[in-house]
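*Asks:* For reference, the structure I am asking about is given below.
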Amino acid sequence: METNRLLDLFCELARIESPSRREAAMAARCARELRDLGFQVRFDASAAQTGSDTGNLIAHLPGTAPRSLVLSAHMDTVQPCAGIEPAVVDGVVRSVGDTILSADDKAGVAAILEGVRRVVEAGSERPDVTVLLTTCEEVHLLGSGALAEGELPEGAPCYVLDAAGAPGTVITGAPCHWSFEARFLGKAAHAGVAPEEGVSAIAMAAAAVEAMPLGRIDEATTANVGAIGGGRATNVVPDACMLSGECRSLFPERADAQKAAMTAALEDAAARFGGAVEVDWEKSYDAVLYDEEDEVVRDVAAAARAAGLAVRLQHDGGGSDANVLCARGVRAVALGVGMAAFHSTDEHIAVADLEGSARLVEALITQAARS
């Protein structure tokens, strides 16, 4: 019965269209669910910074035992998310159309709501519970980045249900993320009449990409060039070209080295062709790296075992709200919820993993009350 309730809730949430910056309908549905459970619900002022049609949802349920914890997920999704219709086939939920499923991260949201409901309905002892549902996670973690200081209880562990891997997966490491935009400046000329008078910005960009170390640099570092654009017509030597890319690493010093190598490739290419380049780097978020014996990791592992889940400690190549929150001194850790092929129209999740995530939430709350 509870599994059916959880599945029904997940499918209902999946049908709510909530791309980044348009999370209001999703937020309203979650607020209704939380208020029904006795939470005090409010929205912060982050919309002014993120451009969303709602703020981050922050809900609080007073405890009946000491301690406190935070449960977090994000409400936004990538595109295409209009008209999502989930269907269950052989125990796996998929979208029947050409859309994502939005298990990233509505599986996390549904697991939090159902796990808390089970604790409340059972009348079990519980700590103070804060639920944080963020906006704009899919656009460089903007929602959590706009969260004001002091919004979360000091010293409380924060469990972010937003990672690949089966329930019981604990992300002990996630990289910092840097992105760049480079603008190459050349000289326009007629490509047929006087090409030697021109300086091709596109040729500069191509040479820079060719010279850059890209892909998997080492076991903890990656780099990519993801977009290029420039030129006006086939008969004009292009005088401008834009290039954008990124690098990530678990270790800040390796990210710095990769940034330096990519910048050198950009500048060397511009100089070689007799042009110029303007390079702007921006940090999206810091790295997270936990020791396996850290208290927050051990607590999740114990709760996972109590919920009948296999414990897996692993590093991830992507970031989550845990990266931003950790940088602010919150003991935040990302947890797997079983989402697979996310950010694609092949996205899916097993019903058993939805259930496992809800059991984990229930176990985390119950364990905190007994500590």
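*Asks:* What residue, among those in the range 8-38 that are in a loop (DSSP other than H, G, I, E, B) and open to solvent by 10 Å² or more (accessible area, probe 1.4 Å), is nearest to residue 137 (Cα to Cα)?
*Replies:* We begin by selecting, within the range 8-38, every residue in a loop (DSSP other than H, G, I, E, B); these are 16-18, 20-23, 37-38.
Add one more test, that the residue is open to solvent by 10 Å² or more (accessible area, probe 1.4 Å), and what stays is 16-17, 20-22, 37-38.
Details: 16: 17, 17: 15, 20: 7, 21: 10, 22: 12, 37: 25, 38: 26 Å.
Only one residue fits best here, namely 20.
*Asks:* Could I ask something else about it? Take residue 272 and tell me if it is open to solvent by 50 Å² or more (accessible area, probe 1.4 Å) and under 27 Å from residue 289 (Cα atoms).
*Replies:* no
*Asks:* What are the residues in the range 148-163 that are acidic (Asp, Glu) and surrounded by 11 or more Cβ atoms within 10 Å (Cβ to Cβ), if any?
*Replies:* 151, 162
*Asks:* Let me ask something else about it. Is there any pair with a first residue in the range 38-62 that is farther than 30 Å from residue 368 by Cα and a second that is outside any strand (DSSP E or B) and open to solvent by 70 Å² or more (accessible area, probe 1.4 Å) whose Cβ atoms are under 8 Å apart and which are 6 or more apart or on different chains, and what are they?
*Replies:* If the second residue must be outside any strand (DSSP E or B) and open to solvent by 70 Å² or more (accessible area, probe 1.4 Å), the pairs left are 47/53; 50/21; 51/21; 52/21; 52/22; 53/21; 53/22.
*Asks:* Something else: For residue 144, work out the one condition from (1) hydroxyl-bearing (Ser, Thr, Tyr); (2) in contact with an Asp or Glu (Cβ under 7 Å, 6 or more places away or on another chain); (3) surrounded by fewer than 18 Cβ atoms within 10 Å (Cβ to Cβ) it doesn't fulfil.
*Replies:* Unmet for residue 144, out of (1) hydroxyl-bearing (Ser, Thr, Tyr); (2) in contact with an Asp or Glu (Cβ under 7 Å, 6 or more places away or on another chain); (3) surrounded by fewer than 18 Cβ atoms within 10 Å (Cβ to Cβ): (3).
*Asks:* Regarding the range 99-107, can at least one residue be identified that is under 26 Å from residue 67 (Cβ atoms) and hydroxyl-bearing (Ser, Thr, Tyr)?
*Replies:* No: zero hits.
*Asks:* So, residue 216, is that one within 25 Å of residue 190 (Cβ to Cβ), at pLDDT 95 or above and of a type in the set (D, E, K, R) or not? Let's see the steps before the verdict.
*Replies:* Working: within 25 Å of residue 190 (Cβ to Cβ): no; at pLDDT 95 or above: yes; of a type in the set (D, E, K, R): yes.
No.
*Asks:* Out of 360, 335, 364, report the one residue that is open to solvent by less than 10 Å² (accessible area, probe 1.4 Å), in a strand (DSSP E or B), on the phi < 0 side of the Ramachandran plot and touching a residue at least 60 places away in the same chain (Cβ under 8 Å).
*Replies:* Details: 360 fails: in a strand (DSSP E or B); 364 fails: in a strand (DSSP E or B).
Going through 360, 335, 364 in turn, just one is open to solvent by less than 10 Å² (accessible area, probe 1.4 Å), in a strand (DSSP E or B), on the phi < 0 side of the Ramachandran plot and touching a residue at least 60 places away in the same chain (Cβ under 8 Å): 335.
*Asks:* Could you please find all residues in the range 132-164 being over 13 Å from residue 330 (Cα atoms) and hydroxyl-bearing (Ser, Thr, Tyr)?
*Replies:* 134, 135
*Asks:* Now a separate question. Would you tally the residues in the range 282-324 being out of contact with any Leu (no Cβ under 8 Å at 6 or more places or on another chain), assigned to a strand (DSSP E or B) and open to solvent by 60 Å² or more (accessible area, probe 1.4 Å)?
*Replies:* The number of residues fulfilling the criteria is 5.
*Asks:* Okay, moving on. Since residue 264 meets every condition but one in (1) open to solvent by less than 50 Å² (accessible area, probe 1.4 Å); (2) in a strand (DSSP E or B), which condition does it not meet?
*Replies:* (2)
The values are calculated or read from the model by the stated rules, or taken from the named source; none is laboratory data. Because the structure is predicted, anything quoted here is derived from the model rather than measured. FYI the Cβ positions are ideal-geometry reconstructions off the backbone, even for glycines, and counts take in every protein chain you see. When the accessible area is computed, the model is the full protein with side chains, heavy atoms only, and any ligands, DNA or RNA have been set aside. Shrake-Rupley method; radii C 1.70, N 1.55, O 1.52, S 1.80 Å.
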